[in-house]
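The values are calculated or read from the model by the stated rules, or taken from the named source; none is laboratory data. None of the values given here were measured: they were computed from a predicted structure. In this analysis, Cβ positions are derived from the backbone assuming ideal geometry, glycine residues included, and neighbour counts consider all displayed protein chains.
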Ligand code: GP9
Ligand code: MN
């Protein structure tokens, strides 16, 4: 046996192995940006500090076999936590949060995606666990680590001192790290994945208690902000344009604006949508941003229904599905609208069954309403073309006027498609995800075209307005190399990354004749007031954070959920203020901080954005809408 008592203690070997592995994964598996040596250094030490902190506890365990067991299971559980984060990260470019863990029912449905997110070399991440397992099993009584009390105290004191040192460095590198919850990557890179998870647990419990202590006084801040900053008396020319008409809202899965009016292998990617843009009955918003976070599609639904921001962690559909809201389906009841959602997935996914009830939808046509078999499904489920085809009979039988939401599915990661459904060939880059994205986007484009035809044939087209919105991005920053190749850019800068968050937004009003392309900045937060006004519904009593897209006097910015923003003139992200027109750097973090706030152009907007997001959070955390009587005022 190589490792004997008197040589290196087992917990030290375990710390070294586990720390090294964790560092390797941080550095090369996660896409963590490191700007200076200090960040490199902190990232290097924190895996060892965390591993030592926990494995060092083992010195207090007297019985050999128990101590070995403790070390073994610490290694295994620690590895599983890292691995789960890694798989999650490959899909979401983010780390797991506690609310997400309670989305158990989603995990089952994610089955296919999860497998495709695992790589064969992932088994290597368990090698150190196996080594320790074998060592501890073989080391039985012959090799024992016996520690005098002074040693034990020393080990624990040292591990705590190292942790304090790590936190101290982190605080220097990133002031207020613990008070700002915006950015998980900062937390992980400064204090490590495990300390981040502890931080997340504490934060989550805080959120839970917030509701208990909230009272209606807090509502005043929100109301005051909305009255002064958001609302105004201007009425759009389109107010009432869709009064009494049906609304057909299509949530187009994972489509980003960069595919619009573009070609791949010399083929148009979205011929139908491109034609729709030129149609005189269509308003197309070319600078429309998604504002979703971890809740993806459900976040986009939440924003559209409520004109509130989703949460920076977890999916608000899950975490706050028991709140009271004043959602669009409920409001349009005053004009006798019937509302229904069509989505061929199981009804509990994203907690939709609960949230749709809270939002006051009258009916949810879930997967039970569809005939789904091997030939008509791919990837996540029923193919979009079959989905629209099967939906039309239900739509025809709805009470009119209706508000209907269609959520497509085929253009979902990992972008699988059967050969017979493929009209264009994949792209050719180092990212299969991006390569396969184009044919599935094209398939979705065709399915929407067919849906338009079906609507005409069913006699529903003329009396409806049709809204198409991309729910969120489909290609994450993990594929930036391939993306830069497609966009023919040298690299994807943080500015480009923000511009890639644009998703298509169409409002098609048959017979209207005044449609045009609108370049003003816009976002999902604006959809609710816009639609309500088009339906001729006054929103003076409602509480919301967006603006009618057809009025002049609008907020000058679109806030992304992580605190980044796009204003008329600037794009702010990663602490840098860019010129929106050309992507040139205007201000860096150093002259953006509070001391020079007076000279900064981005700082005032940044503060406003932070305030707005925190007020929206306050409303949700405190469940404050339960204190509002919307009918009364
Ligand atoms: C699931 C579908 C996709 O029902 O809406 O959800 P996403 O993963 O995009 O949030
Ligand atoms: Mn989606």
**Request:** Could you tell me whether any residue of segment 426-438 is within 15 Å of residue 272 (Cβ to Cβ), touching a helix residue (DSSP H, G or I) at 6+ places or on another chain (Cβ under 6 Å), at pLDDT 95 or above and within 16 Å of ligand 1 (Cβ to nearest atom)?
**Result:** no
**Asked** Of the residues that make up segment 477-496, is at least one within 16 Å of ligand 2 (Cβ to nearest atom) and assigned by TED's automatic domain parsing to the domain that holds residue 407?
**Response** no
**Asked** Among the residues of segment 400-411 satisfying the criterion of being in a loop (DSSP other than H, G, I, E, B) and within 16 Å of ligand 1 (Cβ to nearest atom), which is farthest from residue 113 (Cα to Cα)?
**Response** 408
**Item:** Test result for residue 590, surrounded by 15 or more Cβ atoms within 10 Å (Cβ to Cβ) and either over 20 Å from residue 185 (Cβ atoms) or at pLDDT below 95 (or both)
**Value:** no
**Item:** Search result, residues across segment 221-244 that are free of Cβ contacts under 8 Å to residues at least 12 places away in the same chain and either outside any helix (DSSP H, G or I) or not assigned by TED's automatic domain parsing to the domain that holds residue 527 (or both)
**Value:** 233
**Request:** Answer yes or no as to whether residue 418 is surrounded by 23 or more Cβ atoms within 10 Å (Cβ to Cβ), in contact (Cβ under 8 Å) with a residue 40 or more places away in the chain and more than 16 Å from ligand 1 (Cβ to nearest atom).
**Result:** no
**Complete:** Given (1) in contact with a helix residue (DSSP H, G or I) (Cβ under 7 Å, 6 or more places away or on another chain); (2) surrounded by 16 or more Cβ atoms within 10 Å (Cβ to Cβ), residue 491 misses just (2)
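Quick check, is residue 551 crowded, with 16+ Cβ neighbours inside 10 Å, at pLDDT 95 or above and under 30 Å from residue 456 (Cβ atoms)?
Answer is no for this residue.
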**Message:** Looking at 471, 384, can you tell me which residue is out of contact with any strand residue (DSSP E or B) (no Cβ under 7 Å at 6 or more places or on another chain), within 16 Å of ligand 2 (Cβ to nearest atom) and under 24 Å from residue 346 (Cβ atoms)?
**Reply:** 384
**Request:** Report yes if residue 276 is more than 16 Å from ligand 1 (Cβ to nearest atom) and surrounded by fewer than 21 Cβ atoms within 10 Å (Cβ to Cβ), otherwise no.
**Result:** no
**Fill in**
Only one of 376, 360, 346 is within 28 Å of the chain's Cα centre (by Cα), closer than 24 Å to residue 448 by Cβ and either at pLDDT 95 or above or within 16 Å of ligand 2 (Cβ to nearest atom) (or both), namely 346
**Prompt:** What about residue 182, is it outside any helix (DSSP H, G or I), at pLDDT below 95 and in contact with a helix residue (DSSP H, G or I) (Cβ under 9 Å, 6 or more places away or on another chain)?
**Reply:** yes
**Complete:** (1) buried (at least 20 other Cβ atoms within 10 Å of the Cβ); (2) touching a strand residue (DSSP E or B) at 6+ places or on another chain (Cβ under 7 Å); (3) within 24 Å of residue 300 (Cα to Cα) all hold for residue 441 apart from (2)
**Asked** Can you name the number of the only condition in (1) more than 16 Å from ligand 2 (Cβ to nearest atom); (2) within 19 Å of the chain's Cα centre (by Cα); (3) at pLDDT 95 or above that residue 251 fails?
**Response** (1)
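Please enumerate the residues belonging to segment 621-632 that are buried (at least 17 other Cβ atoms within 10 Å of the Cβ) and under 22 Å from residue 540 (Cβ atoms).
Once the filter is applied, which keeps residues that are buried (at least 17 other Cβ atoms within 10 Å of the Cβ) and under 22 Å from residue 540 (Cβ atoms), segment 621-632 yields 624, 625, 628.
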**Request:** Quick one: count up the residues across segment 541-573 that are within 23 Å of the chain's Cα centre (by Cα) and outside any strand (DSSP E or B).
**Result:** 9
**Request:** Consider residue 504 carefully, then state whether it is within 28 Å of residue 566 (Cβ to Cβ) and out of contact with any helix residue (DSSP H, G or I) (no Cβ under 9 Å at 6 or more places or on another chain).
**Result:** no
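From the list 486, 570, 565, which one is surrounded by 19 or more Cβ atoms within 10 Å (Cβ to Cβ) and without any contact (Cβ under 8 Å) to a residue 40 or more places away in the chain?
Only one candidate qualifies: 570.
Does residue 242 satisfy the criteria of being within 16 Å of ligand 2 (Cβ to nearest atom) and closer than 30 Å to residue 334 by Cα?
Here the answer is no, as residue 242 does not meet what is asked.
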**Complete:** For residue 296, the lone unmet condition from (1) under 18 Å from residue 501 (Cα atoms); (2) at pLDDT 95 or above is (2)
**Complete:** Of the residues in segment 245-273, those that are within 16 Å of ligand 1 (Cβ to nearest atom) and either farther than 29 Å from residue 400 by Cα or not in a strand (DSSP E or B) (or both) number 4
**Fill in**
Within segment 387-399, the residues that are in contact with a strand residue (DSSP E or B) (Cβ under 8 Å, 6 or more places away or on another chain), touching a residue at least 60 places away in the same chain (Cβ under 8 Å), over 14 Å from residue 363 (Cβ atoms) and more than 16 Å from ligand 2 (Cβ to nearest atom) are 388
**Asked** When you look at residue 265, is it touching a residue at least 12 places away in the same chain (Cβ under 8 Å), more than 22 Å from residue 323 (Cβ to Cβ) and more than 29 Å from the chain's Cα centre (by Cα), yes or no?
**Response** yes
